[in-house]
Amino acid sequence: PAAFTIRYRRASQAPRIAPEAEQGILKELATEKRLIENKEVPYFRLQRALREKKSLFREFRIPPPFKSVKDVFCLRLKRIVDAYGRVSINNRALSVNYANEGDGLMVRFYPLNNGMTELRFWRDDRLLDVQQLKTDDLRGLQF
C-alpha cells in the first residue's frame, strides 16, 4: 500500500543526548580533567595537610571525666536512687554501689555483642558502678 512506510535510522548517525545530560557529562569531564592535570592524589594531599598542620581532622580523645568510649557512645537515662540504694530500670531493681538515697544518677547503656548490655552509673562526673544486664530485660525501655 502507498501509506505504508518504513522509517530507519542510519548507522552513521549518533543518537541524540538531552542537553541537560550533555551539560552534566561535560561538567564531570572538566572536573576529571582538572584532577588529572593537578596530579594530586587525595591520600597524599591529606598526608601533606596533616604534616603542615592544616587539616581539620583531629585525633579522637575521650573528654574528661569519662573513662572509656563506652561512656561517650551510649544511650543515657536519668534515675534517682531509692531508700534501699537501688535504681529501678524497666521494673527491675538494681543495687548501685556507693549511691546514697535521693542521688540523681546518669545511667549509660552500652550494648555488647553477646546479648548483654553494660550499665555504667555516674554521679557528679564520677563513675560509681558498672553492671551487665541481658539486653532482652531492657525491651520496651524508651530513651
The number of residues in the stretch 90-112 that are within 26 Å of the chain's Cα centre (by Cα), part of a strand (DSSP E or B) and more than 17 Å from residue 124 (Cβ to Cβ) is 3
Condition set more than 24 Å from the chain's Cα centre (by Cα) and under 30 Å from residue 122 (Cα atoms), scope the stretch 25-84, selection surrounded by the most Cβ atoms within 10 Å (Cβ to Cβ): answer is 81
Hey, any hits in the stretch 48-63 for a residue that's more than 23 Å from residue 116 (Cβ to Cβ) and touching a Phe, Trp or Tyr at 6+ places or on another chain (Cβ under 8 Å)? yes
Matching residues in the stretch 20-47 (farther than 30 Å from residue 58 by Cβ and polar (S, T, N, Q)) number 1
The residue from 114, 100 that alone is exposed (fewer than 12 other Cβ atoms within 10 Å of the Cβ), under 19 Å from residue 137 (Cβ atoms) and free of Cβ contacts under 8 Å to residues at least 24 places away in the same chain is 114
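None of the figures in this text is laboratory data; all of them are computed from the coordinates on show. Quick caveat: nothing in here was measured; it's all calculated off a predicted structure. Glycine gets a Cβ as well: all are built from the backbone with ideal geometry, and neighbour counts include every protein chain shown.
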